[in-house]
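The values are calculated or read from the model by the stated rules, or taken from the named source; none is laboratory data. No experiment lies behind these values; they were computed from the predicted model shown. Virtual Cβ from ideal backbone geometry, glycine too; neighbours counted across all protein chains shown. The area values use the complete protein model at the heavy-atom level, side chains included, leaving out ligands, DNA and RNA. Shrake-Rupley method; radii C 1.70, N 1.55, O 1.52, S 1.80 Å.
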Amino acid sequence: MSLTGTPFLYLLIVLAVVAVLVPLVLWSRLRGPKALRAAARLLMLLFAQGTAVALVFVLVNNSNNLYDNWDDLLGTGDHVHQAADLGANGTGNIALDKLPKVKQKFSPATGPGMREAGGVQVTQLKGQVSGVDAEVYVWLPPQYHLPGWRHYKFPVVEVLPGYPGSAKAWFGSMKAHEQLLPLMRSGEVAPFILVAPRTNLLAGVDTGCANIPGTVNADTWLSVDVPKMVTDNFRTQPAPGGWAVAGYSAGAHCAAKLAVAHPDRYRAAVSLSGYNDPIGESNSLAAQTRALRDANNPYMLLRKAKVPPQIALYLSGQPRDGYEAAMALKQAAKAPTTVHVVYLPRTAGGHTMALWKPQVDTIFRWLSVQMGKHGVKDPTASAPPATRKAGSTRAELASGEPSGGAAGRKQ
């Protein structure tokens, strides 16, 4: 029975109701020795508490898309078959254009939100270079199958969840495709293909989107294997101009790092409540050594870059939760790198979907402008003076107002 499936949720609801009714009916009717009656009552209480905790956990998990299946929850899943040393560029000097085309079979995805806005499809991809074998979810914009667009190549945004987090989160909890469908139909947002690859590749740890020989090649999975598969199966614009990456929390860190490290693969990145130093996630494999931390820290990569990357970064955060890290990147950036920072006050909410979900509208309008969609208004172009800070209503959260003033760095 699926962890996130409706049958399991309904089963827990029934068990929770039974757990309440059984003591009401049997509590005073129990017969036998005193010790036996006490044990029976204790079991009834434990059963009631256990079903209540399980029901609350499942409701929270379904709402936030934390664990996708039982393997993720129990820490028994492993999606890495090999992790060769692929060198600094993450390709092992393999000529990627010489690799055979990856032709995949897709099926309708299941779960909350997966059938909305035209539906999300899923495939199981065996990475030719990374050695990762995992699922990838794809949503196609409403224009994709229209006759007048049959020769058009579409821009792509890879969307990454936090840790722990399901690849479905941008469609389930964030409802990105449901929010974007009417905006794409009206031309307010570019018709992006949304791609959500699995990022939880090893049991019980965050890969940090890093390549660690002998352990995992998460960077190559996300920036090489997944883009190649999407390009081989759909009409997509070429990299880097037609590709971007977006994420929240640990996924935000990954988005910024991937774009800074691979300006030949991505033109833009969106980071919502991200961090720079991988040690920001205590379970990150990229935080194990100082060398790994520096190699996967977008702030350090920007500072050490011999040639500033031609990328655009959109970074939003609250004090001590993404804002300082964003300002550090802004201060380290040199043209042609551009960095747009949005300050969100503590009153806007915490490190939750309630903070990130309202920003979907604005970040995709921003991406549309950065990636050359003509006729789309830049949501940051007419922003108020930098001394004004964004509010906490849904409209204000989505306004994309820039930050003002300097802040302490958090790298």
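How large is the translational diffusion coefficient of segment 1-157 in µm² per second when you combine the Kirkwood radius over alpha carbon pairs with Stokes-Einstein at 4 °C and 1.567 mPa s? Answer from the Stokes-Einstein relation: 62 µm²/s. If the chain linking Ala305 and Ala335 were pulled fully straight, counting 0.36 nm for each residue of separation and taking away their Cα-Cα distance, it would gain 9.6 nm.
Under the classification rounded if a/c is under 1.5, otherwise prolate if a/b is larger than b/c and oblate if not, where does segment 70-121 fall, given a ≥ b ≥ c as square roots of the Cα gyration tensor eigenvalues?
oblate
Which of rounded, prolate, oblate describes segment 234-378, given a ≥ b ≥ c as roots of the alpha-carbon gyration tensor eigenvalues and a/c under 1.5 marking rounded, otherwise prolate only if a/b is larger than b/c? Since a/c reaches 1.5 but b/c is at least a/b, the shape of segment 234-378 is classed as oblate. As a ratio to 2.2 N^0.38 Å, the alpha-carbon radius of gyration computed for segment 1-49 takes the value 1.44. The alpha carbon centroids of segment 170-187 and segment 210-256 are separated by 21 Å.
Full extension of the chain between Thr289 and Thr91 yields a length gain of 69.0 nm, computed as 0.36 nm times the residue separation minus the alpha carbon distance. A simple spin-label model places the labels of Val22 and His151 6.8 nm from each other, with each point 7 Å out along Cα-to-Cβ.
Shape analysis of segment 311-358 yields a ratio of the Cα radius of gyration to the Kirkwood radius, Rg/Rh, of 1.03. Using the average count of surrounding beta-carbon atoms within 10 Å as a protection proxy, the listed peptides 200-211, 341-352 rank, highest first, as 200-211, 341-352. Computed on the Cα atoms alone, the convex hull of the chain gives a volume of 171 cubic angstrom per residue.
For the chain, the longest principal axis of the alpha carbon atoms and the long axis of helix 360-370 meet at an angle near 20°. Given a 1.4 angstrom probe, I'd like the percentage of the accessible area of the chain that is carbon and sulfur, rounded to a whole number. That fraction is 58 percent. Computed across segment 291-370, the Kirkwood radius stands at 13.8 Å (inverse of mean 1/r, all Cα pairs). With all projection directions averaged, the alpha carbon convex hull of segment 175-291 covers 8.2 nm². On the beta carbon distance between Ser282 and Ala52, with R0 = 35 Å, the FRET formula returns roughly 0.75.
Expressed as a fraction of 2.2 N^0.38 Å, the value expected for a compact globular protein of N residues, the C-alpha radius of gyration of segment 114-231 is 1.12.
Seen from Gly208, the other residues with C-beta closer than 12 Å to its C-beta sum to a net charge of -2, counting Lys and Arg as +1 and Asp and Glu as -1.
Each peptide in 23-32, 362-371, 255-264 gets a packing score, the mean of other Cβ atoms within 10 Å over its residues, and the list from highest to lowest is 255-264, 362-371, 23-32.
Compute the Cα gyration tensor for segment 103-178, then decide on rounded, prolate or oblate, letting a ≥ b ≥ c be the square roots of its eigenvalues: rounded whenever a/c is under 1.5, prolate when a/b is larger than b/c in the other cases, and oblate in all that remain. The shape class here is oblate. With Cβ to Cβ distances under 12 Å as the rule, what net charge do the other residues near Ala286 carry (K, R +1; D, E -1)? Combined, the nearby Lys, Arg, Asp and Glu give -2. Rounded to the nearest 10 degrees, the inclination of helix 34-64 to the longest alpha-carbon principal axis of the chain is 20 degrees. Within segment 28-103, the percentage of alpha carbon pairs spaced more than 14 angstrom apart rounds to 80%.
Taking the longest Cα principal axis of the chain as reference, the axis of helix 176-186 is set at about 40 degrees. Kirkwood hydrodynamic radius of segment 259-313, from the reciprocal of the average inverse Cα-Cα distance over all distinct pairs: 11.9 Å. Computed across segment 215-260, the Kirkwood radius stands at 11.5 Å (inverse of mean 1/r, all Cα pairs). Computed with a 1.4 Å probe over protein heavy atoms only, the accessible surface of segment 41-184 comes to 50 Å² per residue. Ranked by the mean number of other Cβ atoms within 10 Å of their residues, highest first, the peptides 224-233, 13-22 fall in the order 224-233, 13-22.
Between the listed residues Phe47, Leu125, Gly87, the Cα displaced farthest toward the positive end of the dipole of segment 20-129, a dipole computed from Cβ unit charges relative to the Cα centre, is found at Phe47.
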